[in-house]
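Beneath this line is the structure, given in structure tokens, with notes to follow.
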Protein chains: 2
Amino acid sequence: MEKVLRQVLEQVVPSDEERAFVARVAKQVVEKTERAAERVFPEADVTLQGSVAKDTWLSGDVDIDVFVLLPTKLTRDEFREIGLAIAREALRDYRVVERFAEHPYLEGYVEGLRVNVVPCYRVDEPGRWRSAADRTPYHTEYVLKRISGLNDEVRLLKRFMKGLGVYGAEIRVGGFSGYVCELLTIYFGGFLGVVEAASRWRLGQVVVDVEGYYRGREEELSHLFDSPVVVVDPVDKSRNAAAAVSLDKLAEFIAASKAFLKKPSTEFFLPQTLATELAQADRGFDILCLWLDGLNQPPDVVWGQLRKTANALQKLLRQWGFNVLEATPWTDERGSGCVLLALESSQIPEVEKRIGPPVDSDHAERFLQKHLNSPRLVRGPWIEGGRWVALVRRKYTNALQLLREKLARGGREHGVAGYVAEAIKKKLVLLQGEELVKWFSQKPELRELLTSFAERKPSWLRKNAG
Amino acid sequence: MEKVLRQVLEQVVPSDEERAFVARVAKQVVEKTERAAERVFPEADVTLQGSVAKDTWLSGDVDIDVFVLLPTKLTRDEFREIGLAIAREALRDYRVVERFAEHPYLEGYVEGLRVNVVPCYRVDEPGRWRSAADRTPYHTEYVLKRISGLNDEVRLLKRFMKGLGVYGAEIRVGGFSGYVCELLTIYFGGFLGVVEAASRWRLGQVVVDVEGYYRGREEELSHLFDSPVVVVDPVDKSRNAAAAVSLDKLAEFIAASKAFLKKPSTEFFLPQTLATELAQADRGFDILCLWLDGLNQPPDVVWGQLRKTANALQKLLRQWGFNVLEATPWTDERGSGCVLLALESSQIPEVEKRIGPPVDSDHAERFLQKHLNSPRLVRGPWIEGGRWVALVRRKYTNALQLLREKLARGGREHGVAGYVAEAIKKKLVLLQGEELVKWFSQKPELRELLTSFAERKPSWLRKNAG
């Protein structure tokens, strides 16, 4: 165990050189933002936030978060306008992306590092939040007071969660945020403390109340927060800091924690890239893909729309009798994306049994008339367990054919999300079999995507298989 | 309606000539049996029973039932020995079959008519029954007192039930006996009375208490008798005369009664023989057959064993993931028989999803180890809804192959009945596809069997389809 953790620490703790470089870039961005504020709106304050401020960032994997604090007297429109104006001015020399999904902010790249310039309100006391970003300075303050000596423990936990694929509160992941990692580390006293606790967690009753706000009345929490994990935010006891964590990400974290304690390995933190042998003709099950281009919305919007579409396609296929194993959205966040569908089989039997009403019911007559007059009837109607049943020919026996027809006009009526439907209307790209393999062979990230979707085993289980 | 009933009556009411012929044969058999009794055991009495005695038999479809009444002082062994000795002596000039399924008796053919010579105890009062046949003389007496003027109504009801395939209390049918037909006709005042009542019957609460033994406490009956239909026997209030009627035969009778009242047709009574176009390659579903020879037990035994085997095969196939629509036994009652199986498809997907335990369960580890070490794992294990799931390659994807393997040693361990397993051990004959069609083309009765199994529609629904 010790050896494993030492090996991981070597990878995740930044060197002095890297620290100096990040510190210099951060200082430079803060100064540029301060000058921009001076020019645009002198009442604004500029501070460094996020993992760089808290010294919990991972080597080679850092965001610089600079916050612009604005007075609460500003209206929402003024806030947005002034905030973005300062951010634009600060990053005028760099390539930037405006981010509007939930909260307006600017993302830029400075000397190869990602920089976020984020406006927020300078609220005079916790609780009086005006925008989604207002808690952040309080979070940073809270963590800084307690993190001393635990910084590398947070790094281990973040890397562990990244290795599992459960790190990140964004829609795409539905996992644990950096802040939640910090709170867990503080509460359980270190990385191993968190993992040992998690290995004993029970699905449906995970509650971490760092400041003990609900001491003695923990059962209230499950009523207050309807989430698989509840981590009471120390700066806002009415907020669940882990609200983003989905049941399955929690389950993966629990399962991996158990497995890690039983057999520690760096594989949990730093999974091997998959050997990508794509040509699996004899896979046994079928993969279908709806490919999309021209998705030019912010990543969070695209992920949300693709997730919705994945759910819609899964529902549609199940409705028509297909056994869908999984529907997974993916986007490169640069305008392209897809929904991958794994099916037990994309070809299903020609017929299906329809269970009708009991013979003594008033609906029996209608069932009989409907089926007796249908050209799709192949057997019966006969009586089984007192009910009429009939065997009818299916309308669709092939999943690709079903999707081709149902998506011909975009598929909005079947629950496909708006931008996705627009993209489909321009061009419907459905892939299967060799065509799919060929398509996904084009780029390493696509090869990796398809292979891991096909294999679907958590990376930390891969080695055990041998 | 009137016209339909008149047409049917023309078919089912025997002519004077036929009556005379049957009466003569019956008289002859009774006399022969009396002489035989005289010789073997003079205390015996001989009487004519059954539908000939009650004048409720159908033209062209008659059994002559002659009963030998023996004193109750005889032990079971003496009863059997003496009863059969008399019967053998009575039918010594004819071809006979000994019937031992439930009750010992002899079946013979006299001038082309089937004759049953049945021993029973001469019990001094109802209720003191010693053998299964002892109630019969009391039944005959009861019916004779009340049937006058309703004889042809019984004939209509019997023919109606025969047309539907719900007539007969034997295991093969699981339907309404002749005696129950008579009781229903008496109770409801005629054929149409019965059909009108049946069209309003509700599954699960059909009770006919002819003599009103349970008047005012009908709800007790459902506790006393656990059967879909309860017809309290007028000569024995603790007996359900309709105990043999299965839920689905009841349901068919209800459904057909409704349909008949809505649209009367002779088709219900005298269904057309099926046009037997057997070569249905494009049927859409699959039929499999286990064919058996050398089943030389009494018909009731063979039907029972085949029924048990049909259930066992259905269970076996379902266990392995096949969607069985129906498993139906059949025998020619001359030593051959089969189980016909209708499947949604005899070929199923190569893989199946296995749902494992929740990740926080103690069984999670075992599930993971089992699947990670299995060569049949094709995807995962992954987590879904907090549970481990895995996609594994099926052991059997073809129903014929599964049956071939599992029945190789007779199949007793899978619930195949004893005599059937013996027959399988001698030779396992499994038929499918063209081979099946060819096999069933050999004889008209097999052609009809396969066609009606494939179509499976009640005959009275066939016309409506056009």
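Some observations on this one:
- Residue, nearest to the other protein chains (Cβ to nearest Cβ), within the range B:318-329, restricted to residues that are surrounded by 20 or more Cβ atoms within 10 Å (Cβ to Cβ) and within 17 Å of B:Trp291 (Cα to Cα): B:Glu326
- Just one of the listed residues (A:Ala255, A:Ala310, A:Ala243, A:Ala251) is out of contact with any Asp or Glu (no Cβ under 6 Å at 6 or more places or on another chain) and farther than 30 Å from A:Phe322 by Cα, and it is A:Ala243.
- Selection count, the range A:401-413, where residues are surrounded by fewer than 17 Cβ atoms within 10 Å (Cβ to Cβ) and either in a helix (DSSP H, G or I) or facing another protein chain (nearest Cβ under 9 Å) (or both): 5
- Test: residue in the range B:139-161 that is of a type in the set (D, E, K, R) and under 17 Å from B:Ser452 (Cβ atoms): no
- Total residues in the range B:338-370 satisfying the condition of being farther than 13 Å from A:Ala255 by Cα and out of contact with any helix residue (DSSP H, G or I) (no Cβ under 9 Å at 6 or more places or on another chain): the figure is 8.
- Each residue in the range A:373-397 was checked for being buried (at least 18 other Cβ atoms within 10 Å of the Cβ), at the interface with chain B (Cβ under 9 Å from one of its Cβ atoms) and either of a type in the set (Ser, Thr, Tyr) or not in a strand (DSSP E or B) (or both), and 1 pass.
- Look at the range B:58-77: where a residue is over 16 Å from B:Thr140 (Cα atoms) and assigned by TED's automatic domain parsing to the domain that holds B:Val110 and a partner is of a type in the set (Lys, Arg) and crowded, with 23+ Cβ neighbours inside 10 Å, sitting 6+ places away or on another chain with Cβ atoms under 7 Å, you get B:Leu58/B:Arg155; B:Leu58/B:Lys158; B:Leu58/B:Arg159.
- Hey, A:Val437 surrounded by fewer than 20 Cβ atoms within 10 Å (Cβ to Cβ) and among the β-branched types (Val, Ile, Thr) or not: yes
- A single member of A:Tyr94, A:Tyr105, A:Tyr109 is under 29 Å from the mean Cα position of the chain (by Cα), closer than 22 Å to A:Val301 by Cα, at pLDDT below 95 and surrounded by fewer than 18 Cβ atoms within 10 Å (Cβ to Cβ), and it is A:Tyr109.
- Search result, residues across the range A:341-367 that are free of Cβ contacts under 8 Å to residues at least 40 places away in the same chain and either of a type in the set (Ser, Thr, Tyr) or at the interface with chain B (Cβ under 7 Å from one of its Cβ atoms) (or both): A:Lys353, A:Pro358, A:Val359, A:Asp360, A:Ser361, A:Ala364
- Set side by side, the residues A:Tyr179, A:Tyr142, A:Tyr214 differ, and just one is hydroxyl-bearing (Ser, Thr, Tyr) and free of Cβ contacts under 8 Å to residues at least 40 places away in the same chain, which is A:Tyr214.
- Summed over the range B:93-131, the residues that are free of Cβ contacts under 8 Å to residues at least 40 places away in the same chain and more than 20 Å from B:Asp63 (Cβ to Cβ) give a count of 1.
- Counting only residues that are part of a helix (DSSP H, G or I) and either free of Cβ contacts under 8 Å to residues at least 12 places away in the same chain or out of contact with any Gly (no Cβ under 8 Å at 6 or more places or on another chain) (or both), the range B:221-247 holds 4 of them.
- Residues located in the range B:63-81, provided they are acidic (Asp, Glu) and outside any strand (DSSP E or B): B:Asp77, B:Glu78, B:Glu81
- Any chance A:Asp134 is among the acidic types (Asp, Glu), away from chain B (no Cβ under 14 Å) and in contact (Cβ under 8 Å) with a residue 40 or more places away in the chain: no
- Number of positions in the range A:249-270 that are closer than 22 Å to B:Glu384 by Cβ, surrounded by fewer than 24 Cβ atoms within 10 Å (Cβ to Cβ) and either of a type in the set (Gly, Ala, Ser) or free of Cβ contacts under 8 Å to residues at least 24 places away in the same chain (or both): 2
- Members of the range B:440-460 found to be at pLDDT 85 or above and in a helix (DSSP H, G or I), listed by number: B:Phe440, B:Glu445, B:Leu446, B:Arg447, B:Glu448, B:Leu449, B:Leu450, B:Thr451, B:Ser452, B:Phe453, B:Ala454, B:Glu455
- If you go through the range A:419-434 and keep only what is in contact (Cβ under 8 Å) with a residue 24 or more places away in the chain, buried (at least 16 other Cβ atoms within 10 Å of the Cβ) and aliphatic (A, V, I, L, M), you end up with A:Val420, A:Ala423, A:Ile424, A:Leu428, A:Leu430, A:Leu431.
- Total residues in the range B:237-255, condition farther than 17 Å from B:Gly178 by Cα and either at the interface with chain A (Cβ under 9 Å from one of its Cβ atoms) or among the small types (Gly, Ala, Ser) (or both): 7
- Checking each residue in the range A:26-53 for being surrounded by fewer than 20 Cβ atoms within 10 Å (Cβ to Cβ) and in a helix (DSSP H, G or I) picks out A:Lys27, A:Gln28, A:Val30, A:Glu31, A:Glu34, A:Arg35, A:Glu38, A:Arg39, A:Val40.
- Restricting B:Val437, B:Val416 to those that are within 30 Å of B:Val301 (Cα to Cα), among the β-branched types (Val, Ile, Thr), part of a loop (DSSP other than H, G, I, E, B) and touching a residue at least 40 places away in the same chain (Cβ under 8 Å) reduces the list to B:Val416.
- Failed item in (1) modelled with pLDDT of 95 or more; (2) more than 30 Å from A:Ser257 (Cα to Cα), with A:Glu43 passing the rest: (1)
- Residue count, the range B:257-285 (criterion: more than 9 Å from chain A (Cβ to nearest Cβ) and modelled with pLDDT of 75 or more): 13
- Among (1) in contact (Cβ under 8 Å) with a residue 24 or more places away in the chain; (2) not in a helix (DSSP H, G or I) - the single one B:Glu196 does not satisfy: (2)
The values are calculated or read from the model by the stated rules, or taken from the named source; none is laboratory data. Quantities reported herein were computed from a predicted structural model and do not represent experimental measurements. Backbone-built Cβ (ideal geometry, glycine too); neighbour counts: all protein chains shown.
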